[in-house]
Amino acid sequence: MPKAATVTKKTSTATKASANGNGKVTKGLDLVDVELAKKEFQARKTSQLAAIKKTDKGLLREMLYQMVLGRKFEEKCAEVYRMGKIGGFCHLYIGQEAIGVGTMMAIDKKDMVITSYRDHVQAMIKGISPESVMAELYGKEGGCVKGKGGSMHMFSKELEFYGGHGIVGGQIGVGTGMAYAAKYKGTDQVTLCFFGEAAVNQGIFHESLNMAQLWKLPCIYICENNQYGMGTSQKRAMSSRSIAKKAEAFEMANEFVDGMDVMAVRAATLRAIERARKDGSPTLLEIRAYRYMGHSMSDPGNYRTRDEILKYQERDPIVLFKESLKEAKVFGDKDFEKIEQEAIEATDAAVKFAEESPYPAESELFTDVLVA
Amino acid sequence: MAVLTIRDALNEALREEILRDENVFVMGEEVAEYDGAYKVTRGLWKEFGDKRVVDTPITELGFAAVGVGAAMAGLRPVIEFMTWNFSILAADQIINHAAKMLYMSGGQFNVPIVFRGPNGSAYQVSSQHSQALEAFYANFPGLKVVMPSTAADAKGLLKASIRDNNPVVFLEQERMYGMKGEVPEGDDFIIPLGVADVKREGTDCTIVARSMTVPLALQAAEKIQAEYDVSVEVIDPRTIKPLDLDTIISSVKKTNRLVIAEESHYFASVGAEISHSVMEHAFDYLDAPVKRLSCAETPMPYAKNLETLALPDVDKIVAAVKEVCYL
């Protein structure tokens, strides 16, 4: 039997184990009713407790802080967007924080990250300051790309953050190339390549996964399945339900992960990193979450009901993580208040910085078209 | 100086740059084991192996994207399209990604990549394999566009393109791969991008030609000289973007007449751009309206006689020069 086929078989088992910690595959997260959601919340908490006990306290605090900061920051974005401070498109991450934090806080500083246009929170987790992200949203000189990219295009070469990209799926191929470069140069960097579930229907997804497995590239493909491609649900756009299983067509390792559970996301990412660093092979993670807000700030959300959103909020990743941390006696309400306060202060400082930062000089129009 | 075909001049450029810089690699369909669909990469895989010369699946968008990502992460890929017609599948990566990356990252991520392969018509390969795409790619800021017409230019410009820190669209011509010319010796023979070349000096009329139309224009110039004693200057911009307008304008100011011969379509072509610039900068020097020769405004037909009819040739260029000289 070819080696790759064995890998697939092994990961099928891993999929089951990781799904809810007791070997039972989670069925249809988008079909649960409120009561079932509450029960799942309890089951998830039990599995989180075990993971929390094995994790460094400082790291847990930073994970919670980044999740809360992501939430507060994006809420503030919505607020200032409505005030006309932010122009263009503005895609918020609210509801998906456990994915960014669970994956990106499992990698090293040297590892590379690339994502779609829903990029504010990933940019901050990689180390870009909330100030320069907010200033970028404001189209100001102090923005991380000098006001020339806006919401969809945060970058930092220094921090190995290869950008937010605006063409659905385009970054899947670019991320594959980043992993190609790591292998070529013989560094042990891994690449985290994020995209939404709707990008999976683009040809570039299939072209990239084929090459990554063929050439054994250290790329971790992270499908953030928030269940809607703009206003079209996955059910109305994809002939098959499982995205993780699409990797099997390429004989690529894959896992389905509950994206409301930051510890489960972290565990799955660590397994993928080991695979990437050990023998350079790629993984596809399908991490299912739910975006509470519209596709962008201009989306009224007529395609789904309030009940559906509430159902997911029953399983909110931040509430879940806090309750688990509390039950594990790692942190208490006072710690949570402090963390929340820090996040609010960081967000307010970001807004202040953005407000005060000047607009780019008119001469900036013609810079950075070509490099010497 | 060695006499080489354009194919071998390109091959030498690739070989020398692979040897010079460990980050340079060639990637594309059939470039390695098969030795290249048009043999431009002949022998390179045998010499350098899988790391430096990489066969890809037939996945133009995918391998163009791998090139862009690899270039962002510090490599210098040379991506071959078997023909530029296939690049249209990869246009998202060339236009939306490579061309924009430096600007939208606020100057942080440059993309040192060369996309290369044959452009324009070949020998009766019909509608989907005969397009000249320079005007299309030249329309997007962030890309350089290069079109050599001699063996020396092919080598010097390809080496300059590989060393350039920006994305370069390098357009070759299938009909020209076998054409021979003298090529200066030495690894450091470079032709800077953005510098036009006067292929033939003259005083009575300027022809601006590029790629395949350069040898046609030179033949037409000889014919006109012999038959009408008209002295034609032939200018090859070599780089479409950035365009060396100064050389063209100076020539027009001297000859007062301009013919532009190109293989691409007429509407919104590079020739139209040059014509406009000449109107803007040398209006008072023109003694006749600028004449443009392009590919017929149809998809390329298969039939040999129709294909010939669609394309510029020596006789059409002669007729155009006669027209602007009122002969």
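The values are calculated or read from the model by the stated rules, or taken from the named source; none is laboratory data. As the structure is a prediction and not an experimental result, all values here were calculated from the model. Methodologically, a virtual Cβ is constructed for each residue, glycine included, from the backbone with ideal geometry; neighbour enumeration extends over all protein chains shown.
Report whether or not B:Ala132 is over 29 Å from B:Asn23 (Cα atoms) and in contact with a Gly (Cβ under 6 Å, 6 or more places away or on another chain).
It is true that B:Ala132 is over 29 Å from B:Asn23 (Cα atoms) and in contact with a Gly (Cβ under 6 Å, 6 or more places away or on another chain).
Starting from the stretch A:266-283, keep only residues that are on the phi > 0 side of the Ramachandran plot and free of Cβ contacts under 8 Å to residues at least 24 places away in the same chain, then list their pairs with residues that are assigned to a helix (DSSP H, G or I) and buried (at least 18 other Cβ atoms within 10 Å of the Cβ) whose Cβ atoms are within a distance under 8 Å, requiring at least 6 positions of separation or different chains.
none
Within the group B:Arg210, B:Arg257, B:Arg200, which residue is free of Cβ contacts under 8 Å to residues at least 60 places away in the same chain and among the charged types (D, E, K, R)?
After ruling out the rest, the residue left standing is B:Arg200.
From the residues in the stretch A:67-118 that are among the β-branched types (Val, Ile, Thr) and more than 14 Å from chain B (Cβ to nearest Cβ), which one is nearest to A:Cys223 (Cα to Cα)?
A:Ile99
Which of the following residues is within 16 Å of the chain's Cα centre (by Cα), within 14 Å of chain A (Cβ to nearest Cβ) and either part of a loop (DSSP other than H, G, I, E, B) or of a type in the set (Asp, Glu) (or both): B:Pro192, B:Pro148, B:Pro141?
Testing whether each residue is within 16 Å of the chain's Cα centre (by Cα), within 14 Å of chain A (Cβ to nearest Cβ) and either part of a loop (DSSP other than H, G, I, E, B) or of a type in the set (Asp, Glu) (or both) leaves just B:Pro192.
Could you please let me know if B:Gly36 is small (Gly, Ala, Ser) and within 7 Å of another protein chain (Cβ to nearest Cβ)?
no
Hey, any hits in the stretch A:136-145 for a residue that's at positive phi, modelled with pLDDT of 95 or more and out of contact with any Phe, Trp or Tyr (no Cβ under 9 Å at 6 or more places or on another chain)?
No, there is no match, as no residue in the stretch A:136-145 is at positive phi, modelled with pLDDT of 95 or more and out of contact with any Phe, Trp or Tyr (no Cβ under 9 Å at 6 or more places or on another chain).
Conditions tested, residue by residue: (1) more than 18 Å from B:Glu172 (Cβ to Cβ); (2) surrounded by fewer than 22 Cβ atoms within 10 Å (Cβ to Cβ); (3) in contact with a strand residue (DSSP E or B) (Cβ under 7 Å, 6 or more places away or on another chain).
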residue	(1), (2), (3)
B:Asp21	yes, yes, yes
B:Gly28	no, no, yes
B:Tyr34	no, yes, no
B:Lys39	no, yes, no
B:Gly49	yes, yes, no
B:Thr56	yes, no, yes
B:Gly62	yes, no, no
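Could you grab the pairs with beta carbons closer than 6 Å, sequence gap of 6+ or different chains, first residue in the stretch A:131-156 and within 11 Å of chain B (Cβ to nearest Cβ) and among the aromatic types (Phe, Trp, Tyr), second one surrounded by fewer than 24 Cβ atoms within 10 Å (Cβ to Cβ) and outside any helix (DSSP H, G or I)?
A:Phe155/B:Gln108
Looking at this structure, is A:Gly173 touching a Gly at 6+ places or on another chain (Cβ under 7 Å), in contact (Cβ under 8 Å) with a residue 24 or more places away in the chain and either surrounded by fewer than 24 Cβ atoms within 10 Å (Cβ to Cβ) or within 26 Å of B:Asn96 (Cα to Cα) (or both)?
Spelling it out, A:Gly173 is indeed touching a Gly at 6+ places or on another chain (Cβ under 7 Å), in contact (Cβ under 8 Å) with a residue 24 or more places away in the chain and either surrounded by fewer than 24 Cβ atoms within 10 Å (Cβ to Cβ) or within 26 Å of B:Asn96 (Cα to Cα) (or both).
Could you please find all residues in the stretch B:181-196 being within 22 Å of B:Glu17 (Cβ to Cβ) and in contact with a Ser or Thr (Cβ under 8 Å, 6 or more places away or on another chain)?
B:Gly181, B:Leu193, B:Gly194, B:Val195
Restricting attention to the stretch A:146-175, which residues are at positive phi and in a loop (DSSP other than H, G, I, E, B)?
A:Lys146, A:Gly147, A:Gly150, A:Glu160, A:Gly169
Looking only at the stretch B:251-286, how many residues end up being part of a strand (DSSP E or B), of a type outside the set (A, V, I, L, M, F, W, C) and under 19 Å from B:Leu218 (Cβ atoms)?
Number satisfying all stated conditions: 2.
Looking at A:Ala268, A:Ala276, A:Ala328, can you tell me which residue is among the small types (Gly, Ala, Ser), away from every other protein chain (no Cβ under 14 Å), surrounded by 16 or more Cβ atoms within 10 Å (Cβ to Cβ) and under 17 Å from A:Val101 (Cα atoms)?
Step by step, each of A:Ala268, A:Ala276, A:Ala328 is checked, and only A:Ala268 is among the small types (Gly, Ala, Ser), away from every other protein chain (no Cβ under 14 Å), surrounded by 16 or more Cβ atoms within 10 Å (Cβ to Cβ) and under 17 Å from A:Val101 (Cα atoms).
Mind checking which residues of the stretch B:145-159 are buried (at least 24 other Cβ atoms within 10 Å of the Cβ) and among the small types (Gly, Ala, Ser)?
B:Ser149, B:Ala151, B:Ala154 - these are the residues of the stretch B:145-159 that are buried (at least 24 other Cβ atoms within 10 Å of the Cβ) and among the small types (Gly, Ala, Ser).
If I filter the stretch B:161-175 for residues that are over 14 Å from B:Met212 (Cβ atoms) and without any contact (Cβ under 8 Å) to a residue 40 or more places away in the chain, do I get at least one hit?
No; the residues of the stretch B:161-175 include none that is over 14 Å from B:Met212 (Cβ atoms) and without any contact (Cβ under 8 Å) to a residue 40 or more places away in the chain.
Filter the stretch A:48-90 down to residues that are crowded, with 20+ Cβ neighbours inside 10 Å and at pLDDT below 95, then give me how many there are.
Going through the stretch A:48-90 one residue at a time, the tally reaches 2.
Contact list please: Cβ distance under 9 Å, first residue in the stretch B:44-55 and assigned by TED's automatic domain parsing to the domain that holds B:Leu75, second residue part of a strand (DSSP E or B) and charged (D, E, K, R), pairs at least six apart or on different chains.
From the stretch B:44-55, the pairs are B:Trp45/B:Asp55.
Working only within the stretch A:202-232, note down all residues that are under 20 Å from the mean Cα position of the chain (by Cα), more than 10 Å from every other protein chain (Cβ to nearest Cβ), crowded, with 16+ Cβ neighbours inside 10 Å and not aliphatic (A, V, I, L, M).
Result: A:Pro218, A:Tyr221, A:Cys223, A:Glu224, A:Asn225, A:Asn226, A:Gln227, A:Tyr228, A:Gly229.
Is the stretch A:179-192 home to any residue that is touching a residue at least 60 places away in the same chain (Cβ under 8 Å), at the interface with chain B (Cβ under 9 Å from one of its Cβ atoms) and in a helix (DSSP H, G or I)?
yes
Kindly indicate the residue of the stretch B:91-116 that is assigned to a loop (DSSP other than H, G, I, E, B) and in contact with a strand residue (DSSP E or B) (Cβ under 8 Å, 6 or more places away or on another chain) and also surrounded by the most Cβ atoms within 10 Å (Cβ to Cβ) among those meeting that condition.
B:Ile113
Checking B:Ile162 against (1) assigned to a helix (DSSP H, G or I); (2) within 13 Å of another protein chain (Cβ to nearest Cβ); (3) of a type in the set (Val, Ile, Thr); (4) touching a strand residue (DSSP E or B) at 6+ places or on another chain (Cβ under 9 Å): exactly one of these is not met. Which one?
(2)
Please name all residue pairs, on different chains or six or more residues apart, with Cβ atoms under 7 Å, provided the first residue is in the stretch A:87-98 and is within 11 Å of A:Gly294 (Cβ to Cβ) and the second residue is of a type in the set (Lys, Arg).
Going by the 7 Å Cβ cut-off, the qualifying pairs are A:His91/A:Arg118; A:Ile94/A:Arg71; A:Ile94/A:Arg291.
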